[in-house]
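Visitor: Quick one: the structure is below, questions incoming.
What follows is calculated from the coordinates using simple rules that are stated; it is not laboratory data. Here the structure is a predicted model, which is why all the values come from computation and not from measurement. Methodologically, a virtual Cβ is constructed for each residue, glycine included, from the backbone with ideal geometry; neighbour enumeration extends over all protein chains shown.
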Amino acid sequence: MEIGAAMNSGLQGMQRANQQVSQASQEIASASTSGRNDVQQQSNAVANGAQAATETASETSQSVTATNTTDSLVSLNQGQTNLESNTRTVETADEMLGTMIDTSA
């Protein structure tokens, strides 16, 4: 494999990992915000006397939010791992290029 191709592959992988981390972060932030909204809606419904229906809807909503948050955290971790791997690829290609320059000089 050419050094330029290895660098390019590593850089593209870093960009994809960065996008994955950004998307997962946004999903986690929005899940946190929606969780606060669910608590406010539950409080309002309890005040209006619809406690039983609200508890069931709230439990379902919290379960979905917890699952989405867990998936987002896993995606965030995968993105971090991918970024680290691609960074090592670029570093290795850089070291090889430096060795080749030193050898030919």
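Visitor: When the Karplus curve 6.51 cos²θ - 1.76 cosθ + 1.60 is applied with θ = phi - 60°, which whole-Hz ³J(HN,Hα) does each residue of the range 68-78 get, with x for Gly and Pro?
Guide: 5, 5, 4, 4, 5, 5, 5, 4, 4, 5, 4
Visitor: Right, here's the next one. If I model a spin label at S104 and T67 as a point 7 Å from the Cα along the Cα→Cβ vector, what separation in nanometres do I get?
Guide: Using points 7 Å along Cα→Cβ, the separation is 5.6 nm.
Visitor: Tell me, what is the FRET efficiency for Q19 and E91 to the nearest 0.05, using R0 = 22 angstrom and their Cβ-Cβ distance as r?
Guide: 0.55
Visitor: Same structure again: Would you please give the FRET efficiency between S30 and I3, computed as 1/(1 + (r/R0)^6) with r the Cβ-Cβ distance and R0 = 41 Å, to the nearest 0.05?
Guide: The value I calculate is 0.50.
Visitor: Residues with beta-carbon under 13 Å from that of G79, excluding G79: net charge, scoring Lys, Arg +1 and Asp, Glu -1?
Guide: Here the charged neighbours net out to -2.
Visitor: Please arrange S32, S9 by counting, for each residue, the other beta carbons lying within 10 Å of its beta carbon, fewest first.
Guide: S32, S9
Visitor: Next question. Tell me, what ³J(HN,Hα) does each residue in the range 6-23 have, in order and in whole Hz, if you take phi through Karplus 6.51 cos²θ - 1.76 cosθ + 1.60 with θ = phi - 60° and put x for Gly and Pro?
Guide: 5, 5, 4, 4, x, 5, 5, x, 5, 5, 5, 5, 4, 5, 5, 5, 4, 5
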